[in-house]
């Protein structure tokens, strides 16, 4: 082989390698990245579509449950809602024989469309009295749920306990129309 033809072959091989490297860097790698991103997006959209179809198939049940939740919420009138909770707390106290030392109500509006009545109570009694108080709160038809509960001992032997409980109820607020 002549030195001149060897140089031509090496030059052609070098150009082919450079062309392959450039096409890989400029065409194939970005193209594969775009394909992978599109495949991930298609997978996400398929999951969203499946979830949407499941929601549509359960729409009637979910709407029924939502209407029940709205119906069973606290009364729309704030004073009536507070009165309902106070009467219920009085029942729980009498049924469980605890000594309530503090009871506070506070309205909060975390999102548009509903308000939350947060209640904090501190009560004293023995374990059976406090557990009865919590039981009465949970089984009462008043629509409240326990958010936080803490029991501490008042004395060294644990005969007298203190219950600090936070519970809340929801009332739905009608949206004001600007007609």
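None of the figures in this text is laboratory data; all of them are computed from the coordinates on show. Note that the structure is a prediction, hence the values are computed from the model and not measured. All Cβ positions, even for glycine, are placed from backbone atoms using ideal geometry, and neighbour counts span all protein chains on display.
Numbers at a glance
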item: Unique match (being out of contact with any strand residue (DSSP E or B) (no Cβ under 6 Å at 6 or more places or on another chain), within 30 Å of residue 160 (Cβ to Cβ) and part of a helix (DSSP H, G or I)) among 88, 80, 19, 13; result: 88
item: Flag for residue 88 being in contact (Cβ under 8 Å) with a residue 40 or more places away in the chain, farther than 22 Å from residue 66 by Cβ and touching a helix residue (DSSP H, G or I) at 6+ places or on another chain (Cβ under 9 Å); result: yes
item: Of the criteria (1) loosely packed, with under 14 Cβ neighbours inside 10 Å; (2) without any contact (Cβ under 8 Å) to a residue 40 or more places away in the chain, which one residue 112 fails; result: (2)
item: Which listed residue is touching a strand residue (DSSP E or B) at 6+ places or on another chain (Cβ under 7 Å), under 21 Å from residue 68 (Cβ atoms) and surrounded by fewer than 18 Cβ atoms within 10 Å (Cβ to Cβ), from 120, 145; result: 145
item: Residues satisfying the stated conditions in the range 127-144, i.e. over 25 Å from the mean Cα position of the chain (by Cα) and in contact (Cβ under 8 Å) with a residue 40 or more places away in the chain; result: 133, 136
item: Flag for residue 104 being loosely packed, with under 14 Cβ neighbours inside 10 Å, at negative phi and part of a strand (DSSP E or B); result: yes
